[in-house]
Amino acid sequence: MGVHPRRSLKAKLPEHKPKVINKNTKYYPAVDAPAPKPKKKNVPTKALRKTITPGTILILLAGRFRGKRVVFLKRLESGLLLVTGPYRINGVPLRRVNQAYVIATSTKLDLKDHKIPDEVNDAHFVKEKTKEKVPADQEFFEEGKPKAKGAHPEHKSSAQKKTDEGVLAAVKGVEHMSNYLRSTFGLSKVRYGL
């Protein structure tokens, strides 16, 4: 029986231990640091659908007035569509709508003579900032209560009236058009075949 040769322990160990520089810490931030948002490139506005022309009756598919029929007036610089109810007929005020959220119908009104006021543009729809700051403790106690609404700006209501004048005249010229605009759109199981 032979004797196993002994190995020296020094040969196994490296000459010096490397220092650990980035040791994993047990600290993690409670809130993730926000990642920088990529800068938006100027995306060209999508071309207007051929079926949407001034005077076309559109059906809104989303938002507070979904299912309502509205009259298309013009396309704004931002690419959004300017539509109105008219307000007196179905309660839809002047609104900006993305064309992806409307259905164009084959019904049209003649709005060739109607001129939309120049003040009705994208800047017309920007909300005015209030300078009042409420103290934090007062805001805390008023959290469940409904906030008091300010008066509707006079320039917006006058622009609504000026815009709706020509549209109302065109609606009166077509039989049953006011009833058509008042009615809401919806699909039933019977009609859709489900």
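Mind checking Rg over Rh on the range 38-194, alpha carbons, Kirkwood formula for Rh?
1.05
What is the local net charge at His114, summed over the other residues whose Cβ is closer than 15 Å to its Cβ (Lys, Arg +1; Asp, Glu -1)? All intermediate terms of the calculation are to be shown ahead of the outcome.
Details: positive: Lys74, Lys108, Lys112, Lys115, Lys161, Lys162, Lys172; negative: Asp110, Asp113, Asp118, Asp164, Glu165.
Computed value for this residue: +2.
Just subtract the alpha-carbon distance of Ala33 and Leu48 from 0.36 nm times their residue separation and send over the number in nm, one decimal.
Extending this stretch completely gives an extra 1.4 nm.
Put Asp164, Asp113, Asp118 in order of accessible area, largest first, 1.4 Å probe: what do you get?
Numbers: Asp164 10, Asp113 150, Asp118 130 Å².
My answer, sorted largest first, is Asp113, Asp118, Asp164.
Taking the Cβ of Asn179 as the center, what net charge do the other residues with Cβ under 15 Å away carry, scoring Lys and Arg +1 and Asp and Glu -1?
That sum, taken over residues with Cβ under 15 Å, equals +4.
Please work out how much length the chain gains when fully extended from Lys133 to Lys41, using 0.36 nm per residue of separation minus the C-alpha to C-alpha distance, in nm with one decimal.
29.7 nm
Could you please report the charge total around Gln160, scoring K, R as +1 and D, E as -1 over all other residues with beta-carbon less than 14 angstrom from its beta-carbon?
Around Gln160, the surrounding residues sum to +2.
Stretch Glu165-Ser106 to full length: gain in nm at 0.36 nm per residue minus the Cα-Cα span?
19.0 nm
Taking 7 Å along the Cα-to-C-beta vector as the label spot, tell me the Val174-His152 distance in nanometres, rounded to one decimal.
Distance between label points: 2.4 nm.
The values are calculated or read from the model by the stated rules, or taken from the named source; none is laboratory data. Source: prediction; values computed, not measured. As a convention, Cβ positions derive from the backbone with ideal geometry for all residues, glycine included, and neighbour counts pool all protein chains shown. Accessible surface is based on the protein model in full, side chains and every heavy atom, while ligands, DNA and RNA are left aside. Shrake-Rupley method; radii C 1.70, N 1.55, O 1.52, S 1.80 Å.
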